[in-house]
Amino acid sequence: MAITFKKRGVLPGFSLTLGFSILYLSLIVLIPLSATFFKAGSLGWGGFWEVISHPRVIASYQLTFGASLAGAAINAVFGLLVAWVLVRYDFFGKRVVDALVDLPFALPTAVAGIALATLYSSKGWVGHLLAPYGIKIAYTPLGVVVALTFIGLPFVVRTVQPVLEDFETELEEAAASLGATRWQTFSKVIFPALAPALLTGFTLAFARAVGEYGSVIFIAGNIPMVSEITPLLIITKLEQYDYAGATALAVSMLLVSFVLLLAINALQRRAHLRKA
Amino acid sequence: MSTAVATAPRAFNPARGEPSWVRWTLILIALAFLLGFLFLPLAVVFGQGFSKGWTVFWDALTEENALLAARLTLITALIAVPLNLVFGLAAAWSIAKFEFPGKSLLITLIDLPFSVSPVVAGLIYVLMFGAQGWFGPWLQEHDIKLIFAVPGIVLATIFVTFPFIARELIPLMQAQGTEEEEAALVLGASGWQTFWHVTLPNIRWGLLYGVILCNARAMGEFGAVSVVSGHIRGMTNTLPLHVEILYNEYNAAAAFAVASLLACLALVTLAAKTFLEWHLKQDAADLEPPA
């Protein structure tokens, strides 16, 4: 056998397209990101730690991550329900509902923010129903959870839907013919098949919620130590010209982002292998 | 007790599904959830926008600062989307049609903006081009303003939106493979001819889909633009920033009027998305071998 050089492929344009892509990525993403890490590095470990261990910062972390977790969990439960209802059942207006599920993707976050803040304030259409019971949603951490649930809604639905659509109903029928009740069939046959997609959707919703700004700042109270999310704290520090502090916070959020990104990639790759 | 094929008619077939009341309960719960988290927020935008009547609504939209904000939003999208389109095509071409080491790293990098907070996205450009940034002194010397000016807004928007088109095209072009392009080459087409006449028609629905999503995000971006913009009314305010200003001034009706415009954009995006998804499904079905 003759020795050949490894060919990338026979089509032309490899160096041009790859070169351009890498150049674009470097200019837009890599260089600015490294500027951020360098700036944070100039703080030194001690300085960095001092910034992120401040009580106000820790309170913001607790709110940001806690509310994101809660929102993603709510979406995991109700998103699964919505996906199930959309795939398995028929009802009037189903296609409109199906299209609207993507609204949080398409709607500008500021619009969502003011709409949710108005809707859930004590005078809003939903807020005034709950006010007599003493439940305040807007301007409390609960409002943050509501906003983050809105923002993550499509993620779970859209990752579970295709899996449910492709699900082989023969397995359900086999289970039923073997004597399983409907609930047993769901919990032991259908749900385990959906679990990986559910987990992926949950993680996607969580990752999106952690960094969310526009939909949250109107409905959150933005009171330090109580209802202040981390992205807002970054902006506050910027406005006070505390660039070092803002950078340290940004780097801490970037590190979380990277971890989440790797987790999502791993989950999606697992789901792919399972499909094949 | 046997639940296998029964000869007497049953209330429901366990193999087929849940009893009717379970179905309807589930449907109602799902719709109630969507009501509170989807339908009502959308309705509030238009409801509040028109709460003071059509005149106030129209005035809010045609007021000078609103028009300038709309202009800036359009300009930003008109620059960011085509640039991201070129990037998306280039990246998808290199990733889908060739093999090279580091491909998955490249794909991960392309996904990066999705997991980065928009505020952080704006911040990294302030750190690069702001007065204290790496290039700050150089820019000031040459009297170039990037941050707190339009170019910064465009840059931040590009960062936040560039994955959309690439992510849509990469799996699409990977699924389509290289056979058709190779056939074109064998028949004597040049690279550009191959791309223009073979690849592009195959990916047109995915391309449009990515462009629609990219555009929706570019016009609606708030957090990243908020950080780099400086909020100078009439000059560095996009439509979402304008909505924020109006809302914070307790001018709710005007804020929601402008928000209604953006919500209409979102609804048009959703409609286009649904239409294009249908076409994409058709194309994918055509690619699969007959059952």
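Derivation of every value follows stated rules applied to the coordinates shown; laboratory data play no part. Since this is a predicted model, take the numbers as computed values, not measurements. All Cβ positions, glycine included, derive from the backbone under ideal geometry; neighbour counts span all protein chains shown.
Where in the stretch B:208-289 are there helices (runs of 4 or more DSSP H), lying wholly inside it, with at least 1 residues that are more than 30 Å from residue B:52 (Cβ to Cβ)?
Where helices (runs of 4 or more DSSP H) fall fully within the stretch B:208-289 and carry at least 1 residues being more than 30 Å from residue B:52 (Cβ to Cβ), they are B:223-229, B:252-287.
Residue A:73 is checked against (1) of a type in the set (Gly, Ala, Ser); (2) more than 9 Å from every other protein chain (Cβ to nearest Cβ); (3) over 18 Å from residue A:201 (Cβ atoms) and fails just one. What number does that condition carry?
The number of the failed condition is (3).
Pick out the one residue from B:198, B:227, B:211 that is touching a helix residue (DSSP H, G or I) at 6+ places or on another chain (Cβ under 9 Å), surrounded by 23 or more Cβ atoms within 10 Å (Cβ to Cβ) and over 30 Å from residue B:58 (Cβ atoms).
None of the other options fit; the residue is B:227.
Going by the conditions given, is residue A:31 out of contact with any strand residue (DSSP E or B) (no Cβ under 6 Å at 6 or more places or on another chain), facing another protein chain (nearest Cβ under 10 Å), farther than 30 Å from residue A:167 by Cβ and surrounded by fewer than 21 Cβ atoms within 10 Å (Cβ to Cβ)?
So residue A:31 fits the description; yes.
Among what's in the stretch B:107-139 and is surrounded by fewer than 19 Cβ atoms within 10 Å (Cβ to Cβ) and within 7 Å of another protein chain (Cβ to nearest Cβ), pick the residue that is nearest to residue A:15 (Cα to Cα).
Of everything passing the filter in the stretch B:107-139, B:108 is nearest to residue A:15 (Cα to Cα).
Out of curiosity, is residue A:150 among the aromatic types (Phe, Trp, Tyr), assigned to a helix (DSSP H, G or I) and surrounded by 20 or more Cβ atoms within 10 Å (Cβ to Cβ)?
So residue A:150 passes the test.
Got a number for residues in the stretch B:113-133 being in contact with a Pro (Cβ under 9 Å, 6 or more places away or on another chain) and free of Cβ contacts under 8 Å to residues at least 40 places away in the same chain?
Final tally of qualifying residues: 6.
Which members of the stretch A:167-217 meet the condition of being aromatic (Phe, Trp, Tyr), surrounded by 16 or more Cβ atoms within 10 Å (Cβ to Cβ) and more than 15 Å from residue A:77 (Cα to Cα)?
The answer is A:167, A:213.
Name the helices (runs of 4 or more DSSP H) wholly within the stretch A:19-110 that hold at least 2 residues that are under 30 Å from residue A:186 (Cα atoms) and not acidic (Asp, Glu)?
So the answer is A:55-88, A:94-100, A:103-106.
Hey, among A:144, A:157, which residue is within 19 Å of residue A:218 (Cα to Cα) and in contact (Cβ under 8 Å) with a residue 12 or more places away in the chain?
Going through A:144, A:157 in turn, just one is within 19 Å of residue A:218 (Cα to Cα) and in contact (Cβ under 8 Å) with a residue 12 or more places away in the chain: A:144.
Name the helices (runs of 4 or more DSSP H) wholly within the stretch A:182-275 that hold at least 1 residues that are without any contact (Cβ under 8 Å) to a residue 60 or more places away in the chain, within 11 Å of another protein chain (Cβ to nearest Cβ) and closer than 19 Å to residue B:227 by Cα?
Those helices (runs of 4 or more DSSP H) span A:191-211, A:230-239, A:243-275.
Can you name the residue in the stretch B:85-102 that is assigned to a helix (DSSP H, G or I) and free of Cβ contacts under 8 Å to residues at least 24 places away in the same chain and, of all such residues, is surrounded by the fewest Cβ atoms within 10 Å (Cβ to Cβ)?
Result: B:86.
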